[in-house]
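Input: a single structure, listed below in structure tokens.
The values are calculated or read from the model by the stated rules, or taken from the named source; none is laboratory data. Note that this is a predicted model, so its numbers are computed, not measured. Glycine also receives a Cβ, built like all others from the backbone with ideal geometry; neighbour counts cover every protein chain displayed.
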Amino acid sequence: MTTLARRSVLAIAAAALVAGPALAGCSTTNTNDGSSDGSGKAGTKTISFLTFETPNLTAAYWDAAIKRVTDRYPDIKVNKLVAPSADGRTNYAKQLRQSGQFPDVMVGVSPAGFAEAGDLYPWSPEELKDFVFPTANPIRGKYYQLPANTQTIPPVYYNKTMFAEAGITTTPTTWDEMLGACARLKTAGHTPFVVGGGKDGFASSMILSGIVSIDVYGRTPDWMTQRRAGKVKFSDPDFTAALAKFADLADKGYIAKSDVSRDYAGTEQAFLDGKGAMYPMGNWFAASADAKHRQDIGVFNLPSPDGRPIVPAYTGGGIVVSSKAANLDAAKRFALAFQLDKTQLDDSVKADGLIPAVKGYTPPADTGPVFNAGYALYQQAVSNSTVVHAFRWETADDGLLPGMTDKVDAAAQDLITGRKSPAQAAKYLDDEWAKAAS
Amino acid sequence: MTPHTQTRRGSPAARVPQGPTTSTRPRERTAAPRRRIAALRSGLAHFAVFGAPGILIYAWLVLVPIALSVHYSLTNANPFNPPRRWVGLHNYRMLLHDEQFHTALRVTVVLTLIVVVVPNVAGLLIALLLDKRGRFYNAMRSVFFTPMILSSVVVSVIWTRLLDVDGPLNRALRELGVRHPPAWLSDPDLALYSVASVISWQMLGFCVVVYLAGLQSVPGELHEAAAIDGAGPVRRFRAVTWPLLAPAVTINTVVLLISAFKTYDHIKVITNGGPGAGTTATLAFDVLATGFDSNHIGYASAMAVVMLAIACLATAIALRILRAREIDL
């Protein structure tokens, strides 16, 4: 072999080592060996359960919840899996699927994509009879995710002390009042909003999610369905105006550009530490505020242009079950028992501020003041019929295409840092949508 | 012992030229192929025992996935949207117009340049300082090498905390009077350089160790001869040390080139490709995001194949340039 040929071989081998893992990562396997009886006990059904951890939903929370079900069904043994990050749990489920390790049961994982590929078990009306919204989140007319709870996304949590220091006596109800409050807070030396980002991109797009839900979905509730049908685009005037409204907050200095690298846990801590006056976040934050007995934290709806109390919410977020689970019956029993158990529902309220969407359920009497205030806002919107879908959080036929949530988060960060104009961000989303749809 | 037996056994008598006697020529003609066959069998046996396992593992874990990926790159493979269809070069044509891919390419090139140059230069300087005997220098070598043995995820988590907008580094800067310290990870103009610095910091120890090994292999008598000829320290470094360090430069450059080109874990943990759309997203990050987040396995495979081609080319060029200046003593 000549020197040149030897070098070429060496170069190719070295390059193969570089790209090999990436290339190998793209190879697909679609095997699913499911779970098997590995306990050694006769009749024991083993299932795998993918969870995720947050400051609210700790390992102890999941372990206790699993134990309650396995105490009720001693024949079920659960192998708990934990996603590497809360925001990446759906992507982690995809990776497990690609490597032939698709879990039998998953919580909080978006069914989009999995359902269309036949990976998930479609629940029957009989199995969904105990849920308040049994027809939430249909995918091609079937229901794959237990509609276990409702989350309002995002109410605005605020620091009462900072509001008082800025001379704000009532919480804003219109967008103009909101801008006025931001100006007062800034003058008083407080950063109006706390946002986050980093590996938890959703923390960057919370305000944008609220603005789009209220301004766009408030006028056109089926906007996302129309987007899927190609009838509307992100670059249409109404959506671009929502992007501009969000960018305006950053332009005016009401959002600190440096916040976009802070992860979710750090963002929550930053608000609790008084780094900013308002924290637009899902209603799960209420549990954290109540757990820390923070009497100085209040909550109000993200204002609409005209003061109508529109509340973006998402009902779903429950468990999905693999249609190929080796012990499908055990997986289904586990899922329903997990989602309908009264003690578990109470725990989910206290630990994560969830609003269980189970018939006949009422939250426990000892919930904290921040949760109670947020719950009252939601109940008021339900009675006024002013609940809209929460943009970016939908998971069904009326949700974003797979992979698009990360693009929304990236667009939000670009608007905060000023790297993109609203028109450029809208074009970026349309371009990425076209790629996602191809 | 008959001549026939001697030939089969390949005895010395059979190998020694016997002269042009007509009676031995036919025997030689039959013996030579047999010897070649025996040698071939022996070679095959050695290969089967020592070579084949490694080659089979390499083929199974690297070559087969590459071949599969080339195949997928010519399809619209999407595990969530079957069936898979042949699309020819469509994915490659799309890459030509994909702004996100071009951004990832630019990010990867910038990151690679920084990660190849900074640890190389700093590693050489530190190695020159540590090329001495003594416990202190031994300890310092360990200190510089420690980051190399840490998991890149651990390193990334630590540096994410250090570089946080309210982290220890910025707190220290504020204490020193800097009112608005840099947003190391959230400023789109700074984030890539911050991540590149973290990777460079981790790779520094490797370069130091390789350069130290190179420095210690330089014969002392060459330095003495140069000194006798009147060469000062700088001249001795340029004329003696630097040329003899060429193999170390080659190793460091190629390893850093490969490491930088496949950067994924640092990006995933520290910035998740942001802030914003792709400001720190490398090709490897984009390949995995496209394949696993957006489910476009076919398109991601095309990106990976292009990445492979670029890596091959860059490595071949680097090796050609660096090997040309290597010298043997």
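Let's see how each residue does on (1) more than 14 Å from chain B (Cβ to nearest Cβ); (2) assigned to a loop (DSSP other than H, G, I, E, B); (3) on the phi > 0 side of the Ramachandran plot:
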| site | (1), (2), (3) |
| --- | --- |
| A:Pro147 | yes, yes, no |
| A:Ala164 | yes, no, no |
| A:Gly167 | yes, yes, yes |
| A:Cys182 | yes, no, no |
| A:Leu185 | yes, no, no |
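One residue alone among A:Thr70, A:Thr170 is surrounded by fewer than 22 Cβ atoms within 10 Å (Cβ to Cβ), assigned by TED's automatic domain parsing to the domain that holds A:Thr191 and modelled with pLDDT of 95 or more, and that residue is A:Thr170. Filtering the range A:244-296 to residues that are farther than 25 Å from A:Glu53 by Cβ and of a type in the set (Lys, Arg) leaves A:Lys245, A:Lys252, A:Lys257. Reported count of residues in the range B:140-157, each being of a type outside the set (A, V, I, L, M) and more than 18 Å from B:Ile270 (Cβ to Cβ), is 5. Restricting the range A:76-108 to residues that are among the charged types (D, E, K, R) and assigned to a loop (DSSP other than H, G, I, E, B), the residue that is farthest from A:Leu57 (Cα to Cα) is A:Asp104. Based on this model, can you work out whether B:Val240 counts as part of a helix (DSSP H, G or I), closer than 16 Å to B:Leu128 by Cβ and in the same structural domain as B:Val115 (by TED's automatic domain parsing)? Answer is yes for this residue.
Between B:Gly123, B:Gly134, B:Gly88, which is of a type in the set (Gly, Ala, Ser) and either farther than 24 Å from B:Val218 by Cβ or within 13 Å of another protein chain (Cβ to nearest Cβ) (or both)? Matching residue, one of B:Gly123, B:Gly134, B:Gly88: B:Gly88.
With respect to A:Pro138, determine if the residue is away from chain B (no Cβ under 14 Å) and either more than 30 Å from B:Asn272 (Cβ to Cβ) or crowded, with 19+ Cβ neighbours inside 10 Å (or both). So A:Pro138 passes the test. In the range A:299-338, the residue that is farthest from the chain's Cα centre (by Cα) out of those that are buried (at least 21 other Cβ atoms within 10 Å of the Cβ) and among the aromatic types (Phe, Trp, Tyr) is A:Phe334.
Of note, A:Ile207 does not satisfy the criterion of being part of a helix (DSSP H, G or I), modelled with pLDDT of 95 or more and farther than 16 Å from A:Asp259 by Cβ. Taking the criterion of being part of a helix (DSSP H, G or I) and either surrounded by fewer than 19 Cβ atoms within 10 Å (Cβ to Cβ) or among the polar types (S, T, N, Q) (or both), the residues of the range A:246-261 that qualify are A:Asp248, A:Asp251, A:Ser258, A:Ser261.
For the range B:146-168, filtered to residues that are away from every other protein chain (no Cβ under 13 Å) and touching a Leu at 6+ places or on another chain (Cβ under 9 Å), the residue that is nearest to A:Phe271 (Cα to Cα) is B:Pro168. Regarding B:Leu95, is this residue more than 16 Å from B:Val198 (Cβ to Cβ) and within 13 Å of chain A (Cβ to nearest Cβ)? Yes, satisfied. When we screen A:Gln413, A:Gln344, A:Gln380 for residues that are in contact with a helix residue (DSSP H, G or I) (Cβ under 8 Å, 6 or more places away or on another chain) and not assigned by TED's automatic domain parsing to the domain that holds A:Phe271, the only hit is A:Gln344.
Would it be correct to say that B:Val117 is surrounded by fewer than 15 Cβ atoms within 10 Å (Cβ to Cβ), within 14 Å of chain A (Cβ to nearest Cβ), among the aliphatic types (A, V, I, L, M) and under 21 Å from the mean Cα position of the chain (by Cα)? So B:Val117 does not fit the description; no.
State the number of residues belonging to the range A:390-438 that are of a type in the set (Gly, Ala, Ser) and facing chain B (nearest Cβ under 8 Å). Residues meeting the conditions: 5. The condition (being part of a helix (DSSP H, G or I), in contact with a helix residue (DSSP H, G or I) (Cβ under 9 Å, 6 or more places away or on another chain) and at the interface with chain A (Cβ under 9 Å from one of its Cβ atoms)) is satisfied by just one residue among B:Ala309, B:Ala260: B:Ala309.
Every residue in the range B:60-84 that is part of a loop (DSSP other than H, G, I, E, B) and either under 17 Å from A:Lys435 (Cβ atoms) or at the interface with chain A (Cβ under 8 Å from one of its Cβ atoms) (or both), please. Answer for the range B:60-84, where residues must be part of a loop (DSSP other than H, G, I, E, B) and either under 17 Å from A:Lys435 (Cβ atoms) or at the interface with chain A (Cβ under 8 Å from one of its Cβ atoms) (or both): B:Asn76, B:Ala77, B:Asn78, B:Pro79, B:Phe80, B:Asn81, B:Pro82. Listed by first and then second residue, the pairs with beta-carbon distance under 6 Å, at least 6 apart or on different chains, first residue in the range B:54-69 and under 19 Å from B:Met303 (Cα atoms), second of a type in the set (S, T, N, Q), are B:Pro65/A:Ser27; B:Leu68/A:Ser27; B:Ser69/B:Ser301. Against the condition within 24 Å of A:Ala396 (Cα to Cα), among the polar types (S, T, N, Q), within 18 Å of the chain's Cα centre (by Cα) and assigned by TED's automatic domain parsing to the domain that holds A:Arg333, how does A:Thr90 come out, does it pass? Here the answer is yes, as A:Thr90 does meet what is asked.
Being at pLDDT 95 or above, touching a Gly at 6+ places or on another chain (Cβ under 6 Å), closer than 15 Å to A:Val105 by Cα and surrounded by 15 or more Cβ atoms within 10 Å (Cβ to Cβ): is that true of A:Thr51 here? Judged against the criteria, A:Thr51 is not a match.
Evaluate the range A:195-206: report whether one residue or more is of a type in the set (Phe, Trp, Tyr) and more than 14 Å from every other protein chain (Cβ to nearest Cβ). Looking through the range A:195-206, none of the residues is of a type in the set (Phe, Trp, Tyr) and more than 14 Å from every other protein chain (Cβ to nearest Cβ). Within the range B:269-280, being at the interface with chain A (Cβ under 9 Å from one of its Cβ atoms) and in contact (Cβ under 8 Å) with a residue 40 or more places away in the chain holds for B:Val269, B:Ile270, B:Thr271, B:Gly274, B:Pro275, B:Gly276, B:Ala277, B:Gly278, B:Thr279.
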